[in-house]
Amino acid sequence: MKMDYNISFNCFHGTIKHFSDEIIKSRKFTIKKRNDHWLGSGVYFFINDKSKAEWWAKETRKLAKRNIGTSKSPVDTTRKILYLEANLNNRDLLDLDTEDGQRKFSEFNSHLERHNFKFIRSTDDSATEHQARCEILDLLVEVESYKACSYTFESDRDELYKGTKKYGILNKGKQLSVYDQTIIDFDTLKVL
């Protein structure tokens, strides 16, 4: 029998002022459906890592500046970091850093393969790793009613950390994808 316990996460979200103002005002995040989200269609946070959120805010700013030409009104692209807490029961989290979480993902994927599942989001029937993982997670989350998923990804920005890599300390980022925003405590929201 699995033991129940509560989990709290310190979450950092990198964005731009245009989006942070809307999040603060509405007390919710808008999720853009894409076929290649790293952990399915959710709101993404870096756990305990403000620096990674700062990096993502820079990336968001670059993307927003490229799209400004298509916008009818000016967009404030000042980088912003949001901090909030997420609280949930362990049963509501798919933790892909654990053997239990990896087993659940693997068993679900095997079930899909046995039933000749075809990736519907890929335009050429050859889903990339990201597309396949996103689609599998979106289906698994729906079937099992998970509220969030976490996983630690290796970063390709290792050149910044050459002094630690030789000791086996790699540049990684633990991410939390939130599917059910009721686990986000908006009363803890801070703009950093």
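Hey, any hits in region 128-135 for a residue that's more than 20 Å from G40 (Cα to Cα), loosely packed, with under 12 Cβ neighbours inside 10 Å and at pLDDT below 95? No, because not a single residue in region 128-135 is more than 20 Å from G40 (Cα to Cα), loosely packed, with under 12 Cβ neighbours inside 10 Å and at pLDDT below 95. Does F117 satisfy the criteria of being open to solvent by less than 30 Å² (accessible area, probe 1.4 Å) and either of a type outside the set (D, E) or at pLDDT 95 or above (or both)? No: the conditions fail for F117.
Residues are listed down the side, and each one gets a yes or a no for (1) among the basic types (K, R); (2) modelled with pLDDT of 95 or more:
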| residue | (1), (2) |
| --- | --- |
| M3 | no, no |
| T30 | no, no |
| K65 | yes, no |
| I81 | no, yes |
| N90 | no, yes |
| D100 | no, yes |
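Here the strands (runs of 3 or more DSSP E) wholly within region 1-103 that include at least 3 residues being of a type in the set (A, V, I, L, M), on the phi < 0 side of the Ramachandran plot and open to solvent by less than 60 Å² (accessible area, probe 1.4 Å) are 79-89. Residue selection: R66 satisfies the criterion of being closer than 29 Å to T128 by Cβ and basic (K, R).
Contact annotation: residue pairs with Cβ atoms under 6 Å, 6 or more positions apart or on different chains, pairing a residue in region 180-192 that is at negative phi with a partner that is outside any strand (DSSP E or B) and open to solvent by 50 Å² or more (accessible area, probe 1.4 Å), are D180/K147; Q181/K28; I183/K147; F186/R27.
The values are calculated or read from the model by the stated rules, or taken from the named source; none is laboratory data. Here the structure is a predicted model, which is why all the values come from computation and not from measurement. So basically every Cβ, Gly included, is an ideal-geometry build from the backbone, and we count neighbours across all protein chains shown. To get the accessible areas, we keep the full protein, side chains included, count just its heavy atoms, and leave off ligands, DNA and RNA. Shrake-Rupley method; radii C 1.70, N 1.55, O 1.52, S 1.80 Å.
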